[in-house]
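The structure under discussion appears below in the form of structure tokens.
The values are calculated or read from the model by the stated rules, or taken from the named source; none is laboratory data. None of these values were measured; they are calculated from a predicted model. FYI the Cβ positions are ideal-geometry reconstructions off the backbone, even for glycines, and counts take in every protein chain you see. To get the accessible areas, we keep the full protein, side chains included, count just its heavy atoms, and leave off ligands, DNA and RNA. Shrake-Rupley method; radii C 1.70, N 1.55, O 1.52, S 1.80 Å.
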Amino acid sequence: IKSGEGYYIPCEHPNINTDYDKEYFFKKLTEIAEDKNVKIIGQNLKYEYVVLKNAGINLTNIYFDTMIASYVLNAVRTRHNLDYLANEFLNYQTVKYTDLVNVKKGETLLDVDFSLVINYASEDADIAFRLYEKFAPSLKKKQLENVFFNIDMPLVKILGDIEYNGVSIDENYLTNMS
């Protein structure tokens, strides 16, 4: 909601008591995700779109993806991930996923102490918002808002739906083409 703040609401974690009404939680989350008056800002929102769709939640109000904004502002930049952008534009070193999770051992955030997960997830939300505050004026100044909002941002849902649903391939047609 504002710079310097980030919040994390756990759905489940083995190290905490998640004894709350999950049905109520998902009902409220669905209301937020589908409320046209709420603007969702984040980093790599296609991923969040697919995760929420798998949970039965349709994220209809995607507004601003900082990863896409980074690309629109500088397509030749080779990295657009949150850690890089935080360092480059905010002079801020984020807690990296691999600092918390031993990927080689197959760990996930569910294997990490909950207090570390809170800091990590809250930081991601805050950094994404801070990058939004940097990138939105730059898009306007460089007259790239039309490209960003009318071409690139609608692709988040389209590509998310393709990832969620898969694609049908006509092998015979492709074989004949080759």
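Roughly how far apart, in whole Å, are the Cα centres of segment 63-112 and segment 26-46? Each part's Cα centre sits 21 Å from the other's. Take the Cα of THR30, go 7 Å toward its beta carbon, and the backbone nitrogen atoms of segment 46-69 under 20 Å from that spot belong to 48-62. Net charge in the neighbourhood of ILE68 (other residues with Cβ under 15 Å of its Cβ; Lys, Arg +1, Asp, Glu -1) is +3.
Peptides 138-144, 79-85 ranked from most to least packed, by the mean per-residue count of other Cβ atoms within 10 Å: 79-85, 138-144.
Protein heavy-atom accessible surface, 1.4 Å probe, per residue over segment 72-178: 68 Å². In this view, the solvent-accessible surface of ASP35, computed with a 1.4 Å probe and all protein chains in place, comes to about 60 Å².
Hey, which of these cross-link pairs are over 32 Å Cα-Cα: LYS2/LYS140; LYS53/LYS141; LYS22/LYS134; LYS104/LYS142?
Over 32 Å Cα-Cα: LYS53/LYS141; LYS22/LYS134; LYS104/LYS142.
Given axes a ≥ b ≥ c from the Cα gyration tensor, I'd like to know whether the chain is rounded (a/c under 1.5), prolate (a/b larger than b/c) or oblate. Rounded shape, in that the Cα axes give a/c under 1.5. At a Förster radius of 22 Å, what calculated FRET efficiency corresponds to the Cβ-Cβ distance of ILE16 and GLN93, to the nearest 0.05? Between ILE16 and GLN93 the formula returns 0.25.
Run the numbers on segment 40-112 and let me know its relative contact order in percent, using alpha-carbon pairs under 8 Å that are six or more apart.
21 percent
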